[in-house]
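S.K.: I'd like to ask some things about the structure below.
The values are calculated or read from the model by the stated rules, or taken from the named source; none is laboratory data. Because the structure is a prediction, the values reported are computed rather than measured. Glycine gets a Cβ as well: all are built from the backbone with ideal geometry, and neighbour counts include every protein chain shown. We work out accessible area using only protein heavy atoms, side chains counted, and drop any ligands, DNA or RNA first. Shrake-Rupley method; radii C 1.70, N 1.55, O 1.52, S 1.80 Å.
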Amino acid sequence: MQWHFSPETGCPFWLEWQQRAGWDPRTEVQSYADLHKFGGFQDEWLRGGPVRRWVPKGYQGRPVSVFETGGSTGVPKSRVNIDDFRIDYEQFSRTLPDAYFPKGADWLEIGPSGPRRLRLAIEHLAQHRGGICFMVDLDPRWVIKLIKMGEMTMVEAYKRHVIDQALTLLKAHPNIQCLFTTPKLLEALCERVSLKKMGITGVFCGGTEMTPQFHRFAVEELMEGAYFAPTYGNTLMGLAAHKEPEPEDDWAIIYYPPAPRAGIEVVDPTDGSRIVEYGETGRVRLTTLTKEFFMPQFLERDEAERERPCVKYPWDGVRNVRPFSGFATSVVEGVY
Amino acid sequence: MVHLPILRWGVPYKSVDIATVPDFRTRAPYAALSQANIGLIRRDLRRQADARARLTAIPVAELVRLAGEAAEHFLHATLPLDSLSGTTQTPQDYVAQVSATTGMPWANVRRNMAKVHGVLSQVEEVIAGLTRGLDLSVMDSGVSRTDGRMLSFFPRTDALGVVLPSNSPGVHSLWAPATVLKMPLVLKPGSAEPWTPYRMIQAWLHAGLPHDVFCYYPTDHAGGHEILRQCGRGMVFGDVASTKRWQSDPRVEVHGPGYSKVIIGPDMADDWEAHLDLIVESIASNGGRSCVNASSVWVTRHGDRIAEALGERIARVVPRAADDPDAVLAPFADPAVPTRVSAMIDAELNAIGPDGPTGRPARDVTAAYRGASRVAEHAGGTYLLPTIVRCDRSHSLANREFLFPYASVVEVDAADLPSCLGPTLVATVITADRAFAERFVASPHVDRLNLGAISTTKIGWDQPHEGNLFEHLYARRAIQRLA
């Protein structure tokens, strides 16, 4: 609170917000529980400019990146970044088993780059682990447009175009042992080639919803012994690591946020002040608490079950994240 | 709760993703269906050619024999339901299960069982109808000789993908001959009626067919679309909206609403009373749930009197217990649907047709005989009661089809028939006037033509309708052979 709401270090957005609100979070917010006083972070605040209003004065003069999320229609949400994506992915790197994601191995990213954080984040992850990252781009906004137009033949053609490029790289660069891709592109890749034959030992997968059945299918039928690391994350929060599956989980995908940099809560969709019980379904609410970005209690477009802490991650997690069923219209998720 | 697994080329697979099907009466979970994810479907369907090779290796005469055995097993045998848990299904279990999830009375289920049995036990006759009498050995050699001329056929696909409905088990007779036509089947069952296609597969396997020529994928709409995309030929059943995307795809045969009709020719107009039983049967048999049920009656005289008489007769069809042998009507699995459909009909009754001031509102003739409400509760089920609407030809209710016994009665000039009818799956034309009948013979809009007092629901096995399965799966090629 001191950093974000001090005139010397805070960003213009929060400093102006503080003036309008008429109270001082530096004195009135004493704990995580007090974050409710902000009344929830509004989605619209991140749409449109000036984007510099989000750069903390404490970071003035530093190189700034801007990453977007959403944007299939209308103005995408933007988040400025200085070091956060590096810190997030370096922390996440510690959760990847070296036996399957060997240090020094090269990576291939098949997925959305462009305005997304992934364009730099996966490359940084690879570099942080001593590897080089090859990339094949995919434009998810175009895919969503094709789906909305009913152009499924073109969707298939585009997917084939992306996978063709990935195969070329995999065949040409034998040191590629680690892969980042999205669930549907992973399926498409495995329809064309054996991961084992291509020398892939670890797959880091994310970007869209994964069901428990997909999780099982991927591990049992696509991986051929490679490690499958599903993730949940976005530009606003960072990256949630998965808990290694155990038989009693019945292939549920369980994520834990990168605390204390970010937290995930599961709240009653009809009463946002109530955190649901463990095992109960609710809407996902994100809070980001880094020095670069303060985002208190942002309601995501997802729902999940609240998960108990575990030994490796002694804080609340989420189970089986999926699009929020309370929306009237479904979200087109596309191939990416 | 019983569980139905996915069958991946015949191999049972229990999914992590389970959908439950409720008992229509109690809404309590009744059956659990393993759901197939799209990646799994795509991965399996890379092996279509292998499956077809398995079937092509079996002589067609043997397949015909196995079809006969499968027909008997379907009707009489206790068959596996979930081999993973050892659950089995007797014929009576099957009847009760279909009834529990669709609301269909036991008597209707049994009639549909007989229909499926009929197509399998008489498959030679069915295929003779499809191929116009070709020697069946053409399925083994690809070449046949008719009247001294060589004929050759080649398969258009390695598997037939079928997205199935939940309305009535009788529709399964349409794809049932595919196995004898040596075509592997990839089936997506209807969400409320997973039972019939599963039992048909089990009957085949019990008869001795190799298991790896069937896929059975309970899945969502996206999974159904994926099946149709991945198979070289497909069939899809559903309403106008759900089948729209496949209308222009020649690989996929679309089975939407039938808009079947009974037409009384001007020469028989004064004898209408003699045909009331036939018309009621055409409208109401099988609970009005088939595309071959008549949804309108077109006459040239006495429209008001015919509508009144039909209204009075059909109002006698009332809800009965599922196990009552006289039960005809089926309640709706979702109890909210009858209220919505009834409200829609009521709203349209008072709408005037596009003819403007000359158009008249429509009238629900049955209302006077059944009481005011079209929606009725009986023994925990919610029903739509049979409805006869008298209206002008331009009225929006003149050419509609609902999932219960519904028909309009429309009076038109004889000169306008059949051009005013629009697409018609089955037309029963009651006439002795040859010239009038010939106009229907020449009509491009009538798929199945019954000339004379034949119910729209009476199906001749040797007369394929709604597309020809053989022509859908095979194409003829030109062939010459050096002697």
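Residues checked against (1) open to solvent by 10 Å² or more (accessible area, probe 1.4 Å); (2) over 30 Å from B:ALA435 (Cα atoms); (3) free of Cβ contacts under 8 Å to residues at least 60 places away in the same chain:
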{"position": "B:ALA367", "(1), (2), (3)": "yes, yes, yes"}
{"position": "B:PRO386", "(1), (2), (3)": "no, yes, no"}
{"position": "B:CYS391", "(1), (2), (3)": "no, no, yes"}
{"position": "B:PRO405", "(1), (2), (3)": "no, yes, no"}
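S.K.: If you don't mind, there's one more thing I want to ask. Conditions first: (1) in a loop (DSSP other than H, G, I, E, B); (2) farther than 30 Å from B:THR431 by Cα; (3) open to solvent by 10 Å² or more (accessible area, probe 1.4 Å). B:ALA343 passes all but one, so which condition is the exception?
M.R.: (1)
S.K.: Identify, by number, the condition in (1) closer than 14 Å to A:PHE294 by Cα; (2) touching a residue at least 24 places away in the same chain (Cβ under 8 Å) that A:PRO76 doesn't meet.
M.R.: A:PRO76 satisfies all of (1) closer than 14 Å to A:PHE294 by Cα; (2) touching a residue at least 24 places away in the same chain (Cβ under 8 Å) except (1).
S.K.: Hey, another quick one. Find the strands (runs of 3 or more DSSP E) located wholly in segment A:182-242 whose residues include 1 or more that are in contact with a Lys or Arg (Cβ under 9 Å, 6 or more places away or on another chain), and list them. Please lay out each step first, then the result.
M.R.: On the way: elements: A:202-205, A:227-230, A:232-234, A:238-242.
Result: A:232-234, A:238-242.
Residue by residue, here is whether (1) buried (at least 17 other Cβ atoms within 10 Å of the Cβ); (2) more than 16 Å from A:ALA240 (Cα to Cα) holds:
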residue: A:PHE293; (1), (2): yes, yes
residue: A:CYS310; (1), (2): no, no
residue: A:TRP315; (1), (2): no, no
residue: A:ARG319; (1), (2): yes, no
residue: A:PRO323; (1), (2): no, yes
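S.K.: Oh, and also: Name the residue that is farthest from A:PHE67 (Cα to Cα), counting only residues in segment A:36-53 that are in contact with a helix residue (DSSP H, G or I) (Cβ under 9 Å, 6 or more places away or on another chain) and open to solvent by less than 40 Å² (accessible area, probe 1.4 Å).
M.R.: A:PHE38
S.K.: Now for a separate question. For segment A:268-285, state whether one or more residues are over 30 Å from A:THR201 (Cα atoms), of a type outside the set (Gly, Ala, Ser) and touching a Phe, Trp or Tyr at 6+ places or on another chain (Cβ under 7 Å). Don't jump to the end; show me each part of the working.
M.R.: Here is the first cut: in segment A:268-285, the residues over 30 Å from A:THR201 (Cα atoms) are A:268-285.
Those still in the list that are of a type outside the set (Gly, Ala, Ser) too: A:268-271, A:274-278, A:280-281, A:283-285.
Next, only the ones that are touching a Phe, Trp or Tyr at 6+ places or on another chain (Cβ under 7 Å) stay: A:283, A:285.
Within segment A:268-285 (the criterion being over 30 Å from A:THR201 (Cα atoms), of a type outside the set (Gly, Ala, Ser) and touching a Phe, Trp or Tyr at 6+ places or on another chain (Cβ under 7 Å)), the answer is yes, since at least one residue qualifies.
S.K.: Provide a single number: the residues in segment B:235-250 that are open to solvent by 60 Å² or more (accessible area, probe 1.4 Å) and either more than 23 Å from B:PRO405 (Cβ to Cβ) or under 14 Å from the mean Cα position of the chain (by Cα) (or both).
M.R.: First, pick out the residues of segment B:235-250 that are open to solvent by 60 Å² or more (accessible area, probe 1.4 Å): B:239-241, B:244-245, B:247-248, B:250.
This time we only want the ones that are either more than 23 Å from B:PRO405 (Cβ to Cβ) or under 14 Å from the mean Cα position of the chain (by Cα) (or both), so: B:239, B:244-245, B:247-248, B:250.
Number satisfying all stated conditions: 6.
S.K.: Further question on the same structure: Pairs please, first residue from segment A:15-32 and aliphatic (A, V, I, L, M), second anywhere and outside any helix (DSSP H, G or I), Cβ atoms under 6 Å, 6+ apart in sequence or on different chains.
M.R.: If the second residue must be outside any helix (DSSP H, G or I), the pairs left are A:VAL29/A:MET1.
S.K.: Kindly establish whether B:SER141 is touching a strand residue (DSSP E or B) at 6+ places or on another chain (Cβ under 8 Å), surrounded by fewer than 20 Cβ atoms within 10 Å (Cβ to Cβ) and small (Gly, Ala, Ser).
M.R.: On the way: touching a strand residue (DSSP E or B) at 6+ places or on another chain (Cβ under 8 Å): no; surrounded by fewer than 20 Cβ atoms within 10 Å (Cβ to Cβ): yes; small (Gly, Ala, Ser): yes.
Against the criterion (touching a strand residue (DSSP E or B) at 6+ places or on another chain (Cβ under 8 Å), surrounded by fewer than 20 Cβ atoms within 10 Å (Cβ to Cβ) and small (Gly, Ala, Ser)), B:SER141 does not qualify.
S.K.: Please state which one of A:GLY233, A:GLY202 is open to solvent by 10 Å² or more (accessible area, probe 1.4 Å) and small (Gly, Ala, Ser). Write out each step before concluding.
M.R.: Working: A:GLY202 fails: open to solvent by 10 Å² or more (accessible area, probe 1.4 Å).
The conditions single out A:GLY233.
S.K.: Quick check on my filter: what residues within segment A:197-211 are under 26 Å from A:GLY70 (Cβ atoms) and either within 14 Å of chain B (Cβ to nearest Cβ) or at pLDDT 95 or above (or both)?
M.R.: Residues satisfying the conditions are A:VAL203, A:PHE204, A:CYS205, A:THR208, A:GLU209, A:MET210, A:THR211.
S.K.: Still on this structure: In segment B:203-214, what residues are within 24 Å of B:ALA32 (Cβ to Cβ) and buried (at least 24 other Cβ atoms within 10 Å of the Cβ)?
M.R.: Matches in segment B:203-214: B:ALA203, B:TRP204, B:PHE214.
S.K.: In addition: So which of A:VAL266, A:VAL276 is without any contact (Cβ under 8 Å) to a residue 40 or more places away in the chain and not charged (D, E, K, R)? Quick ask: steps written out before the conclusion?
M.R.: On the way: A:VAL266 fails: without any contact (Cβ under 8 Å) to a residue 40 or more places away in the chain.
Of A:VAL266, A:VAL276, the one residue that is without any contact (Cβ under 8 Å) to a residue 40 or more places away in the chain and not charged (D, E, K, R) is A:VAL276.
S.K.: Taking only pairs six or more apart or across chains, which ones have beta-carbon atoms under 8 Å, a first residue in segment A:196-224 that is of a type in the set (Lys, Arg), and a second residue that is outside any strand (DSSP E or B)?
M.R.: Filtered contacts from segment A:196-224: A:LYS196/A:GLU224; A:LYS196/A:GLY225; A:LYS196/A:ALA226; A:ARG216/A:TRP251; A:ARG216/B:VAL16.
S.K.: Sort out for me the helices (runs of 4 or more DSSP H) sitting completely within segment A:55-154 that have 2 or more residues that are under 18 Å from the mean Cα position of the chain (by Cα) and of a type outside the set (D, E, K, R). Steps first, please.
M.R.: Working: elements: A:84-93, A:118-128, A:140-148.
Answer list for segment A:55-154: A:84-93, A:118-128.
S.K.: In addition: Return the total of residues in segment B:7-40 being at the interface with chain A (Cβ under 10 Å from one of its Cβ atoms), closer than 21 Å to B:CYS231 by Cα and under 25 Å from the mean Cα position of the chain (by Cα).
M.R.: Count: 2.
S.K.: If you scan segment A:201-222, which residues turn out to be under 20 Å from A:ALA121 (Cα atoms) and among the aliphatic types (A, V, I, L, M)?
M.R.: Result: A:VAL203, single match.
S.K.: Would you mention how many residues in segment B:165-186 are within 15 Å of the chain's Cα centre (by Cα) and open to solvent by less than 10 Å² (accessible area, probe 1.4 Å)?
M.R.: The total comes to 7.
S.K.: Considering only residues of segment A:139-164 that are hydrophobic (A, V, I, L, M, F, W, C) and exposed (fewer than 14 other Cβ atoms within 10 Å of the Cβ), which is nearest to A:GLY74 (Cα to Cα)?
M.R.: Initially, segment A:139-164 is screened for residues hydrophobic (A, V, I, L, M, F, W, C), giving A:142-144, A:146-147, A:149, A:152, A:154-155, A:157, A:162-163.
Retained after the next criterion (residues that are exposed (fewer than 14 other Cβ atoms within 10 Å of the Cβ)): A:149, A:157.
Values: A:MET149: 17, A:ALA157: 26 Å.
Step by step, filter segment A:139-164, then rank; the result is A:MET149.
S.K.: Taking the criterion of being closer than 30 Å to A:ARG192 by Cβ, more than 14 Å from chain A (Cβ to nearest Cβ), in contact (Cβ under 8 Å) with a residue 24 or more places away in the chain and of a type in the set (D, E, K, R), would at least one residue in segment B:53-68 satisfy it?
M.R.: So the first thing to find is which residues in segment B:53-68 are closer than 30 Å to A:ARG192 by Cβ, and the list is B:53-57.
Those left that are additionally more than 14 Å from chain A (Cβ to nearest Cβ): B:53-57.
Restricting the remaining residues to those that are in contact (Cβ under 8 Å) with a residue 24 or more places away in the chain gives B:54-56.
If we keep only those that are of a type in the set (D, E, K, R) as well, we get B:54.
So far as segment B:53-68 goes, yes, one or more of its residues are closer than 30 Å to A:ARG192 by Cβ, more than 14 Å from chain A (Cβ to nearest Cβ), in contact (Cβ under 8 Å) with a residue 24 or more places away in the chain and of a type in the set (D, E, K, R).
S.K.: Can you say whether A:ALA157 is modelled with pLDDT of 95 or more, over 15 Å from A:GLU109 (Cα atoms) and in contact with a Cys (Cβ under 8 Å, 6 or more places away or on another chain), as far as the supplied structure shows? Spell out how you get there, then give the answer.
M.R.: Details: modelled with pLDDT of 95 or more: yes; over 15 Å from A:GLU109 (Cα atoms): yes; in contact with a Cys (Cβ under 8 Å, 6 or more places away or on another chain): no.
Answer is no for this residue.
S.K.: Yes or no: B:ASP346 more than 22 Å from the chain's Cα centre (by Cα) and either among the basic types (Lys, Arg) or over 28 Å from B:ASP239 (Cβ atoms) (or both)? So that I can check it myself, show each step before the final result.
M.R.: Values: more than 22 Å from the chain's Cα centre (by Cα): yes; either among the basic types (Lys, Arg) or over 28 Å from B:ASP239 (Cβ atoms) (or both): no.
Spelling it out, it is not the case that B:ASP346 is more than 22 Å from the chain's Cα centre (by Cα) and either among the basic types (Lys, Arg) or over 28 Å from B:ASP239 (Cβ atoms) (or both).
S.K.: Another question, then. Can you find a residue that is within 13 Å of chain B (Cβ to nearest Cβ), over 20 Å from the mean Cα position of the chain (by Cα) and open to solvent by 30 Å² or more (accessible area, probe 1.4 Å) anywhere in segment A:189-196?
M.R.: yes
S.K.: For the list (1) more than 30 Å from B:PRO335 (Cβ to Cβ); (2) of a type outside the set (A, V, I, L, M, F, W, C); (3) away from chain A (no Cβ under 14 Å); (4) without any contact (Cβ under 8 Å) to a residue 40 or more places away in the chain, I need the number of the one condition that B:ARG46 fails.
M.R.: Against the list (1) more than 30 Å from B:PRO335 (Cβ to Cβ); (2) of a type outside the set (A, V, I, L, M, F, W, C); (3) away from chain A (no Cβ under 14 Å); (4) without any contact (Cβ under 8 Å) to a residue 40 or more places away in the chain, B:ARG46 comes up short only on (3).
S.K.: I'd like the full set of residues that are in a strand (DSSP E or B) and either in contact with a Ser or Thr (Cβ under 6 Å, 6 or more places away or on another chain) or among the polar types (S, T, N, Q) (or both), limited to segment B:262-291. Give the derivation first.
M.R.: First pass over segment B:262-291, keeping only residues in a strand (DSSP E or B): B:262-264.
B:VAL262, the sole residue that qualifies.
S.K.: Which of the residues that make up segment B:1-37 are within 24 Å of B:ASP212 (Cβ to Cβ) and in contact with a His (Cβ under 9 Å, 6 or more places away or on another chain)? Give the derivation first.
M.R.: In the first step, residues of segment B:1-37 are kept if they are within 24 Å of B:ASP212 (Cβ to Cβ); the result is B:3-17, B:33-37.
Within segment B:1-37, B:LEU7, B:TRP9, B:GLY10, B:VAL11, B:LYS14, B:VAL16, B:LEU33, B:SER34 meet the criteria.
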